[in-house]
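Participant: Sending over a structure as C-alpha cells; questions will come in a sec.
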Amino acid sequence: MDALLLETAELFCPVARQKGQRLLLEVPERDLPPVTGDPQRLRQVLSVLLDNAFSYTPQGG
C-alpha cells in the first residue's frame, strides 16, 4: 500500500504545483496494514479523491 500511495501522490505533484497547491503525504514509520484489492482500482479511487480535492480547493489552499 505504501508504494501505491507514493506512486499516486507523485502523479499528482504536477497538478498541485500548477494550481498553486502542495501535496503532502505522511506515511507512518511502521508498515500500513495489508490491503486486499485490485491495485488498479485502488489507484483509481485514490486518483478520484485527489482530483476532487484539487478541484474544490482554492488556489494556494
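The values are calculated or read from the model by the stated rules, or taken from the named source; none is laboratory data. Worth saying up front: this structure is predicted, and the values here are computed from it rather than measured. Every residue, glycine among them, receives a Cβ derived from its backbone with ideal geometry; neighbour counts consider all protein chains shown.
Participant: Which of the residues spanning the range 1-47 are surrounded by 10 or more Cβ atoms within 10 Å (Cβ to Cβ), outside any helix (DSSP H, G or I) and within 14 Å of the chain's Cα centre (by Cα)?
Facilitator: Correct list: 1, 21, 22, 23, 25, 27.
Participant: Here's something else I'd like to know. If I go through the range 48-61 residue by residue, how many of them are under 15 Å from residue 13 (Cβ atoms) and surrounded by fewer than 11 Cβ atoms within 10 Å (Cβ to Cβ)?
Facilitator: 0
Participant: Could you tell me which numbered condition residue 60 fails, if it satisfies all but one of (1) touching a Lys or Arg at 6+ places or on another chain (Cβ under 7 Å); (2) at pLDDT below 90?
Facilitator: (1)
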